[in-house]
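The values are calculated or read from the model by the stated rules, or taken from the named source; none is laboratory data. Predicted model only: the values in this text are computed from it and were never measured. For neighbour counting, all protein chains shown are included, and Cβ atoms are generated from backbone atoms with ideal geometry for every residue, glycine included.
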Amino acid sequence: MESREMIPVVVSGATGRMGRETVQMVLGQVDMELVGALGHARHLGEDIGELVAGDSCGVHVTADLDEALERAAGGVMVDFSTGTAVKERVLRAIQHDVACVIGTTAIPAADEDEIVNVARTHKHPVLLVPNFALGAVLMMKFAREAARYYRWAEILEMHHERKLDSPSGTARRTAELMVRARPDGFRTPAEGEETVKGARGGNIGGIRIHSVRMPGLLAHQMVLLGGVGETLVLRHDSATRECFMPGVALAIQRVRRLDGLVVGLENILD
């Protein structure tokens, strides 16, 4: 049974789209207390409850990382800031005994390596989640299983036009899981001439990845696997950001069980 003690939570990137959804979700939980909201400079001093839901909650947007983390000691920081800001926030969170749930993507490789090393050294719980949608987690699980039986695979991921990194963290994670499940590797067509550079997409372990960015989309992914005379297609679509919130809530509730850095929501599912 889950503990019903109140979990102090600070949201980093609270004024962004995912941050606002997270704030609203935390405010509605009986086992969580929002104690800090780190956000954009133009909203400093505003009540985050009024900003996201029209109701005052007494927590004001701040840029003071240490102050917010002090209030969350023994609790959790959920980070939806920017990739280049994550390292500093996680390292400071470790100093304040605040577990970390990281939903931010495009973290520089060197920063991620440092986070891994510090989390391991201090045995501090850090959960890095490429996708919080439970359906997306299942899609990755099914893709990993299917990879054992198919040697041809490609990934098409589609997101809104404001998403800066390509491919998405979910697409990268999916490809990495599939490659691990297939030690003999994936087959790809012989390299031909690209009359338009990049037309064949990126390549992770023989799996081609294609990224689409345009208005009208939120977060969508298709994994295509091909065999003799057949095609298997795994697809997940996120219609609203609300679909990520059950996964965020679960991560907050369970992250402190971890020892060091763990990647993927699937690692905390029962």
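Values computed for the structure shown
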| read-out | value |
| --- | --- |
| Lone qualifier among Glu145, Glu114, Glu176 - being assigned to a helix (DSSP H, G or I), within 27 Å of Leu250 (Cα to Cα), in contact with a Lys or Arg (Cβ under 9 Å, 6 or more places away or on another chain) and acidic (Asp, Glu) | Glu114 |
| Tally, over segment 200-218, of residues that are out of contact with any helix residue (DSSP H, G or I) (no Cβ under 8 Å at 6 or more places or on another chain), part of a loop (DSSP other than H, G, I, E, B) and surrounded by 10 or more Cβ atoms within 10 Å (Cβ to Cβ) | 3 |
| Residue match in segment 227-234 (condition: within 21 Å of Gly83 (Cα to Cα), assigned by TED's automatic domain parsing to the domain that holds Ala143 and without any contact (Cβ under 8 Å) to a residue 60 or more places away in the chain) | no |
| Test: residue in segment 181-189 that is in contact with a strand residue (DSSP E or B) (Cβ under 9 Å, 6 or more places away or on another chain), outside the structural domain of Ala53 (by TED's automatic domain parsing), aliphatic (A, V, I, L, M) and in contact (Cβ under 8 Å) with a residue 12 or more places away in the chain | no |
| Unmet criterion (only one of (1) closer than 17 Å to Ala143 by Cβ; (2) modelled with pLDDT under 95; (3) over 15 Å from the mean Cα position of the chain (by Cα)) for Val223 | (2) |
| Hey, Val26 out of contact with any His (no Cβ under 7 Å at 6 or more places or on another chain), at pLDDT 95 or above and of a type in the set (A, V, I, L, M) or not | yes |
| Tabulated pairs, segment 127-149, first free of Cβ contacts under 8 Å to residues at least 40 places away in the same chain, second of a type in the set (A, V, I, L, M), C-beta under 8 angstrom, 6+ apart or interchain | Arg144/Leu177; Arg144/Met178; Arg144/Ala181; Glu145/Ala181; Arg148/Ala181 |
| Those residues of segment 84-122 which are closer than 17 Å to Gly264 by Cα and not hydrophobic (A, V, I, L, M, F, W, C), in sequence order | Gly103, Thr104, Thr105, Glu112, Asp113, Arg120 |
| Hey, Ala68 surrounded by fewer than 19 Cβ atoms within 10 Å (Cβ to Cβ) and in contact (Cβ under 8 Å) with a residue 40 or more places away in the chain or not | no |
| Some residue of segment 90-100 being charged (D, E, K, R) and either part of a helix (DSSP H, G or I) or under 26 Å from Lys163 (Cα atoms) (or both) | yes |
| Test result for Glu161, touching a residue at least 12 places away in the same chain (Cβ under 8 Å), over 15 Å from the mean Cα position of the chain (by Cα), part of a strand (DSSP E or B) and more than 26 Å from Leu69 (Cβ to Cβ) | no |
| Among (1) among the polar types (S, T, N, Q); (2) touching a Lys or Arg at 6+ places or on another chain (Cβ under 6 Å); (3) at pLDDT below 95 - the single one Ser3 does not satisfy | (2) |
| Candidates Ala37, Ala68, filtered to the one that is touching a Leu at 6+ places or on another chain (Cβ under 6 Å), hydrophobic (A, V, I, L, M, F, W, C) and not in a loop (DSSP other than H, G, I, E, B) | Ala68 |
| The listed residue being small (Gly, Ala, Ser), without any contact (Cβ under 8 Å) to a residue 24 or more places away in the chain and farther than 19 Å from Gly19 by Cβ, out of Ala110, Ala119 | Ala110 |
